[in-house]
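The next block holds one structure in the form of structure tokens; read it before the comments.
The values are calculated or read from the model by the stated rules, or taken from the named source; none is laboratory data. Here the structure is a predicted model, which is why all the values come from computation and not from measurement. We place every Cβ from the backbone using ideal geometry, glycine too, and count neighbours over all the protein chains shown. Protein only, heavy atoms only, side chains kept; ligands, DNA and RNA dropped before computing areas. Shrake-Rupley method; radii C 1.70, N 1.55, O 1.52, S 1.80 Å.
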Amino acid sequence: MTGILDGKALAAKMQAELTQDVKTFTPTIGRPPGLAVLMVGDNPASAAYVRGKERACQRVGIASFGRHYPAETTQEELIQVIDSLNENDQVDGILLQLPLPEHLNGVALLNRILPHKDVDGLHPYNMGQLLRDEPAMQSCTPSGVMRLLAEYNIDLLGKHAVVIGRSILVGKPMGIMLLAADMTATIAHILSENIPDLTRTADVLVVAAGCPKLITADMVKPGAVVVDIGITRVTDPAWEKPRLVGDVDFDAVKEVASWITPVPGGVGPMTVTMLLYNTVLSYRQRFSL
Ligand code: NAD
């Protein structure tokens, strides 16, 4: 019987714990934790993610300092915004929603965020700490996957992990975190040869490519643990509204895998929860709580 790695349930449990932490610490500190989610332009998918993040903040009692800026906002204006949030004592976390409009230099903006407020774990300091196995703000999606694997006591030690996707936001830090958990980690990408041969050797297969149904049942080793990070909004004339689709052919792969994440309800809720977790962590570290 295949088990479902239920990110929605774990996210609800973790958010209840975070709500309790915020309730406990706010009277002592005199303010709740604060998060600023910055969005530039009007990418509809980003707008939906930002709304989701702000609603989640509200649920656990984190104050939101986010703002929505028009697409033509300049690099200099955004630098000023980030600098003022860096200095703002009410703000523990800053997240720059990606992708940004093309005229902006995203890397320079991300590097401007103070490392201890970098709740997305994208600053070179935090990335370097991750490579060194030292404490850091860790990228929300891969750290959410690690939490989910830990919750279900998935045996990682010495096993082979294959990650499909090498983005700085997801694939690369995912591979490093699995390596840090004493796995043998392979990171594959669009130019990798013989991907099905690779995936068939995976005890843990993590897919973050953004290609619906990329992973079919014949690509999965029997008994493997399959984690589907991919989210693509797909429309079909037969459907009333667009659906979110993962990178794994869930119905077929669940017949082969030992554990699998659904889409939606798997990794997505964990990503938002780790953002809240990182914000509360930054707040607690600041006040040595
Ligand atoms: P990206 O486009 O930056 O990177 C995609 C990676 O996949 C690249 O490294 C590319 O080489 C690789 N790739 C693409 N097609 C491939 C193929 N056919 N075979 C092998 N490798 C292939 O995207 P990203 O930001 O890393 O996001 C990846 C997916 O994860 C997207 O669907 C995104 O929406 C989703 N995502 C989900 C969450 C979540 O919370 N569940 C969070 C972030 C991203």
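Some points to look at:
- Given in Å, the Rg to one decimal and the Dmax to the nearest whole number for the Cα atoms of the stretch 30-115 are 12.7, 40.
- Cα gyration tensor shape for the stretch 141-289, rounded if a/c is under 1.5, else prolate or oblate: oblate
- Proximal charge balance of His123 [Cβ under 11 Å; K/R count +1, D/E count -1]: 0
- Net charge over other residues, Cβ less than 15 angstrom from the Cβ of Asp155 (K, R count +1; D, E count -1): -1
- Å² of accessible area per residue within the chain, as computed with a 1.4 Å probe and no ligands counted: 48 Å²
- For the chain, the fraction of 1.4 Å probe accessible surface lying on carbon and sulfur atoms is 55 percent.
- With contributions of -39500 (n - 2.57) from each DSSP H run of at least four residues, the per-residue ellipticity at 222 nm computed over the chain stands at -13000 deg cm²/dmol.
- Per-residue SASA entry for Met137, accessible area with 1.4 Å probe, Å² rounded to 10: 10 Å²
- Rg over Rh for the chain works out to 0.97, using Cα positions for both radii and the Kirkwood form for Rh.
- Over 20 Å apart at the Cα level, from the set Lys159/Lys221; Lys8/Lys159; Lys8/Lys254; Lys8/Lys53, are Lys8/Lys159.
- Cα gyration tensor category, rounded, prolate or oblate, for the stretch 16-73 with a/c compared to 1.5: oblate
- Order of exposure, largest accessible area first, which applies to Glu54, Glu72, Glu77 with probe 1.4 Å: Glu72, Glu77, Glu54
- Distance between the pseudo-spin-label points of Thr2 and His103 (7 Å out from Cα toward the beta carbon): 4.8 nm.
- A simple packing score, the average count of other Cβ atoms within 10 Å per residue, orders the peptides 95-101, 263-269 as 263-269, 95-101, with the highest score first.
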